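Accompanying notes for the structure given below.
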Amino acid sequence: MSDKKNFETLAVRTQADTTQFSEHSVPLYLTSGFVFEDAEEMRASFAEEKQRDLYSRYSNPNTNEFIKKICLMEGAEDGFAFATGMAAVYTTFAALLKSGDHIVSARSVFGATHGLFTKYFPKWGVETSYFGVDEVAIVESLIQPNTKFIYAETPTNPAVDVLDLEALSKIAKKHGVLLIIDNCFATPYLQNPIKFGADLVIHSATKLIDGQGRVLGGVTVGPKDLIREIYLYARLTGPAMSPFNAWVLSKSLETLAVRVDRHCENAYKLAQFLESHPKVNWVKYPFLKSHPQYEVAKRQMKLGGSIVAFEVKGGKEAGKKFFDAIKMCSLSANLGDTRTIVTHPASTTHHSVAEEDQLKVNITQGMVRCSAGLEHIDDIIADIKQALEA
Ligand SMILES: *Cc1c(COP(=O)(O)O)cnc(C)c1O
């Protein structure tokens, strides 16, 4: 398969080898182990003189296929697939950090990632310094001699802010530190951080990569030498993706482009509707001209993504009323599903964060995060409209 093919073609045509039974659709290799011809083959395989699957904690035909597809989509050399997005985040850090290292991270990161930085890494002697989404200019001043990574997500969760990947990568390269990007909100279809200079890219495959709210998964991709370190740590600690989930997710990737196109179309139309609604204070969507980082978003993203953030007039009480009036959309904390989901970050995903700290990551009391689904846009807008006017 030539990698000169287009994204959609790679997504559909990259498959595990099915020559034995000529299946058109790759079967599920639900096996924990693999067998060997003789003692010599076994020795050579374990010594890595021979490339083959040994045990599904290390690799499996289904996880290999999933990793290969993500690598082609992201323009990465190699990768490793994990049971969840958090297993990918945690293992990437744990494999590459040592006690005494330092991280420079965007303040606006996924809650569980923030929990690792604040609750667990300090007890292993790893400290983190933070910058706001509009403070890329201070990143350089946060770098210390022991800084190992710059870490960020873009667009961010839940405020849909956008960080300039090229600017971050320039700083990382100048100081010889790695740039690690959680690319979950954009998916490999909308944004390839490696093209803008990132070293490692992490995904929670649970979100838009699955896209149907079924399975958990994660993946980290990047240069061979770094992935090797991550692989060796993962081999010992066991966070590998299940072959079943890899099989589901590989098939999901076949439709990623068409699904994400429609998610983005619906999100953009919803954002335009909200911008014109009198009960809405503000709307944030990367491809709206009013977005503070619109130019950056246009430069690094193919489309604006599936998430819209907006603020209902009237603060927390109005926010609550809005949620109680929702009829069709799902009240849930997930995102990237076929079903449109509305979330109130201040009282749910970020309830444990003090109000002043919520404001530092652009979460206000009346803010709603909406993950636009694949229902007809008229029905999505009708539900949001009646809830705003209730
Ligand atoms: C959901 C999410 C994760 C964690 O993924 P899980 O699969 O739930 O472990 C990490 N980063 C971002 C940006 C996410 O949205």
Practice prompt. Inverting the mean 1/r over all pairs of different Cα atoms, compute the Kirkwood radius of the chain and quote it in Å.
Written response: 21.8 Å
Practice prompt. Can you pull a Stokes-Einstein diffusion coefficient for segment 1-121 at 37 °C (0.692 mPa s), Rh from Kirkwood over Cα pairs, as a whole number of µm²/s?
Written response: 186 µm²/s
Worksheet item: When you count, for each residue, the other Cβ atoms within 10 Å and take the mean per peptide, how do 133-142, 63-72, 221-230 rank with the highest first?
Response: 63-72, 221-230, 133-142
Worksheet item: In the structure displayed, which of 174/284; 69/327; 313/360; 119/207; 69/207; 50/251 lie more than 27 Å apart, Cα to Cα?
Response: 174/284; 69/327; 50/251
Fill in: Modelled FRET efficiency - R0 45 Å, residue 58 with residue 24, Cβ distances, 0.05 increments
0.95
Worksheet item: Where q = 0.12, 0.13, 0.15, 0.17 Å⁻¹, what log10 of I(q)/I(0) comes from the Debye formula for segment 256-389, counting one point per Cα?
Response: -0.43, -0.51, -0.68, -0.89
Practice prompt. Pull up the cross-link candidates among the aspartates and glutamates for residue 173, meaning alpha carbon to alpha carbon under 12 Å and not fewer than 8 places away within one chain.
Written response: 140, 199
Item to complete: Mind pulling the per residue volume of the convex hull built on the Cα atoms of segment 183-333? Å³ is fine.
Response: 147 Å³
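Bear in mind these aren't lab numbers, they're just calculated from the coordinates by the rules spelled out. What you are looking at is a predicted structure, and each value in this text was computed from that prediction instead of being measured. Here the Cβ is made from the backbone with ideal geometry for all residues, glycine too, and neighbour counts use every protein chain on show.
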